[in-house]
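Since the structure comes first, as structure tokens, the remarks are kept for the end.
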Amino acid sequence: MSIGYKSFHEHSIRDPKSFWSEQAKLVDWHQPFSQVLDYSKPPFAKWFVGGQTNLCHNAVDRHLKDRANQIALVAVSTETNQEHAYTFAELHDEVNRMAAILQANGVKKGDRVLIYMPMIAQACFAMLACTRIGAIHSVVFGGFASHSLASRIDDAKPKMIITAEAGMRGGKAVPYKPLLDEAITLSSAKPEKVLIVNRGLSEYTTVANRDLDYAAEREKHLNAKVPVEWVDATHPSYILYTSGTTGKPKGVQRDTGGYAVALASSMRLIFGGNPGETMFTTSDIGWVVGHSYIIYGPLINGMATIMYEGTPLRPDAGIWWSLVEKYKVSVMFSAPTAVRVLKKQDPAFLSKYNLSTLRTLFLAGEPLDEPTASWIHDALKKPVVDNYWQTETGWPILAIQRGVEVMPHKFGSPGVPVYGYNMKLLDEATGAELGPDQKGVVAIEGPLPPGCMQTVWGDDQRFIKTYWETVPGKMVYSTFDWAIKDKDGYFFILGRTDDVINVAGHRLGTREIEESISSHANVAEVAVVGVEDQLKGQVAIGFVIAKDPSKTANLEAEVMKTVDSQLGAVARPARVYMVSALPKTRSGKIVRRALQAVAEGRDPGDISTMEDQSVLAQIKHVVGK
Ligand code: PRX
């Protein structure tokens, strides 16, 4: 079936109300909405006003009638060698138990619950239990350490935190509980309760009257039936923190009704998944891809979803493909970095398995380079669909929407604007709309479609200022990405306009890393930039001016350790160079673009605004380029 992309997209922009009220039929409403869109206070878009629904109901309860005994969730850990499948009925039971634990410990509608967990089934139960009772979850990626965690605790002020005592990576236990304890000590907001899933992987201490054992609590609520809390479509379902230009992460706040509709529709029209089939998304629940396409998207669509704890290479490089065969995966979603890792392995690992159920592989999160795209396409002989989006939007902005029209793919392009997104390519300096092949900032004209962020948690002004006031003379949403658009309307993403870097598909803020490095006693000044990397896309590189240059022998290792312990190994710079000066403008601003160019062995371009032009020569020498 082909609807015709052009007219479909055009309809979504011209008449968003009729367009989205049609899509809204894909989810269950407890009370129908009276107004599709309230855009009376731009840029705040309220979707499906007056409607009441519930994410957990749409993801779980509503499927009990037709698919109670169908698998809903498969939790696979190649770290602990455990594999457990839950039917929709079993998932429903577990979510009810978890919801009862939350309620018994005082968690109510609107309260925040922070989830700091590895990729285990209980993390999924926890997310769904929160949305079931109208509590707002804030999942923090397990790779983040105590300082990152503390800043999120302070901002979200969770009533309860759910964690596990440890994760496991590459065969080694990675403790979570001590990092959480340290984070709670560091933060001024204190959770009343901490619920711990004890996996028996590492020892930990508990705090009396605060810490609860999940297994013991679960026993108390084995037969619990917790009714779904019907919430307004605009009720926040979750907060997910992401990095930006400042050191303080932003809490992206998502609604309920709009998100449910956007995901349900994207599952059909972009990802082409059918109820009863299996989706395998290799991301982590700590990232937006995990929220949308490990947990809510597939489940809302009545599909089984796979949660995977482990690396793509253990026990061998065939592990993901073996899961595709075993669970008859039809839709797979991963990141270019993972494919680049697999590309280095023997292709026999891939051809060994029966992948006949797999229809499409989706890749997102970072630029998809041609060699990677061609390799995986040739190896799988299935469509490989690049898609571009952000934590802020919650679902794809650019993609070939195969459920709408199977348009040709172009290498290096994630495709064309997704329905609902009124995309513009604008000149950064003037705000003027650009023509084909001119480089500009990717912007979205309001209202943002359903599913996109409502605001920055607790800070409407920051939402307006950060996203809607950066293009001169226009109130448009800035993605902070550069791109060009060709004459056929395909976008080619060229990297960020701000200080966000993308390491193996993980979005990190260089300012946060700089702040962490600055806390080292011997660091006078620091700049961090993202530098091109063959495998990870980008890596963070630090440039440090030491307070005492005679004591720098171990400084690189110490700085890395500081970042590891504060932010987590995920943010650790690949290299830290000692320099005696940083390139600055006459007004004292560090010229990060020049640093990045030099570290990548490129020409730094126009450096006439730089105060001391000899600084770059020294840096070139230090990095050996
Ligand atoms: O720079 C873009 C890059 O990742 C950023 C968003 O990262 P995050 O908030 O973690 O959300 C990821 C959701 C998939 C974007 O601003 N990015 C994401 N997808 C692509 C991409 N860059 C190029 N091609 C993509 N397909």
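The values are calculated or read from the model by the stated rules, or taken from the named source; none is laboratory data. Keep in mind the model is a prediction, meaning the values are calculated, not measured. Note that we place each Cβ from the backbone using ideal geometry, even for glycine, and neighbour counts take in every protein chain shown.
Looking at 468, 482 in this structure, which one is touching a Leu at 6+ places or on another chain (Cβ under 9 Å), closer than 19 Å to residue 429 by Cβ and either at pLDDT 95 or above or not acidic (Asp, Glu) (or both)? After ruling out the rest, the residue left standing is 482.
For residue 509, the criteria (1) at pLDDT below 95; (2) more than 28 Å from residue 341 (Cβ to Cβ); (3) buried (at least 20 other Cβ atoms within 10 Å of the Cβ) hold in every case but one, which is (2).
Is there a residue being closer than 19 Å to residue 147 by Cα and away from the ligand (no atom under 16 Å from the Cβ) anywhere in region 199-219?
No, because not a single residue in region 199-219 is closer than 19 Å to residue 147 by Cα and away from the ligand (no atom under 16 Å from the Cβ).
Those helices (runs of 4 or more DSSP H) of region 319-438 in which at least 1 residues are within 16 Å of the ligand (Cβ to nearest atom) and more than 25 Å from residue 303 (Cβ to Cβ), considering only elements entirely within it, cover 336-343, 370-380.
What are the residues in region 215-226 that are in a loop (DSSP other than H, G, I, E, B) and either loosely packed, with under 12 Cβ neighbours inside 10 Å or in contact with a strand residue (DSSP E or B) (Cβ under 7 Å, 6 or more places away or on another chain) (or both), if any?
If the condition is that a residue be in a loop (DSSP other than H, G, I, E, B) and either loosely packed, with under 12 Cβ neighbours inside 10 Å or in contact with a strand residue (DSSP E or B) (Cβ under 7 Å, 6 or more places away or on another chain) (or both), then 222, 223, 225 are the ones that fit.
Just name the residue that is farthest from the chain's Cα centre (by Cα) out of those in region 478-501 that are more than 12 Å from the ligand (Cβ to nearest atom) and of a type outside the set (D, E, K, R). Going through the qualifying residues, I end up with 489.
Regarding region 24-47, can at least one residue be identified that is under 17 Å from residue 294 (Cβ atoms) and not in a strand (DSSP E or B)? Within region 24-47 (the criterion being under 17 Å from residue 294 (Cβ atoms) and not in a strand (DSSP E or B)), the answer is no, since none of the residues qualifies. Is it the case that residue 448 is in contact with a Leu (Cβ under 7 Å, 6 or more places away or on another chain) and either within 13 Å of the ligand (Cβ to nearest atom) or of a type outside the set (D, E, K, R) (or both)? So residue 448 fails the test. Are any of the residues in region 489-497 aromatic (Phe, Trp, Tyr), closer than 30 Å to residue 406 by Cα, touching a helix residue (DSSP H, G or I) at 6+ places or on another chain (Cβ under 9 Å) and not in a loop (DSSP other than H, G, I, E, B)? No, every residue in region 489-497 fails to be aromatic (Phe, Trp, Tyr), closer than 30 Å to residue 406 by Cα, touching a helix residue (DSSP H, G or I) at 6+ places or on another chain (Cβ under 9 Å) and not in a loop (DSSP other than H, G, I, E, B). Suppose we filter region 49-74 for residues that are within 27 Å of residue 125 (Cβ to Cβ) and part of a strand (DSSP E or B); how many remain? Residues in region 49-74 being within 27 Å of residue 125 (Cβ to Cβ) and part of a strand (DSSP E or B): 6 in total. Of all residue pairs spaced 6 or more apart or on separate chains, those with beta-carbon atoms under 6 Å, a first member in region 610-623 that is over 15 Å from residue 528 (Cα atoms) and a second member that is exposed (fewer than 14 other Cβ atoms within 10 Å of the Cβ) are 611/586. Here is the figure for region 545-581: residues that are under 23 Å from residue 183 (Cα atoms) and either part of a loop (DSSP other than H, G, I, E, B) or within 27 Å of the chain's Cα centre (by Cα) (or both) total 15. Of all the numbered requirements in (1) of a type outside the set (A, V, I, L, M, F, W, C); (2) touching a residue at least 40 places away in the same chain (Cβ under 8 Å); (3) crowded, with 17+ Cβ neighbours inside 10 Å, residue 171 misses one, and that requirement is (3).
Please determine whether any residue of region 191-214 is part of a strand (DSSP E or B), under 30 Å from residue 497 (Cα atoms) and under 26 Å from the mean Cα position of the chain (by Cα). Within region 191-214, none of the residues are part of a strand (DSSP E or B), under 30 Å from residue 497 (Cα atoms) and under 26 Å from the mean Cα position of the chain (by Cα).
Of all residues in region 514-530, exactly one satisfies the criterion of being touching a helix residue (DSSP H, G or I) at 6+ places or on another chain (Cβ under 6 Å) and within 16 Å of the ligand (Cβ to nearest atom), namely 529. For region 275-286, the set of residues classified as within 20 Å of residue 86 (Cβ to Cβ), not in a strand (DSSP E or B) and not acidic (Asp, Glu) consists of 275, 276, 282, 283, 285, listed by residue number. Looking only at residues of region 320-364 that are under 24 Å from residue 538 (Cα atoms) and of a type in the set (Ser, Thr, Tyr), we find that the one that is farthest from the chain's Cα centre (by Cα) is 337.
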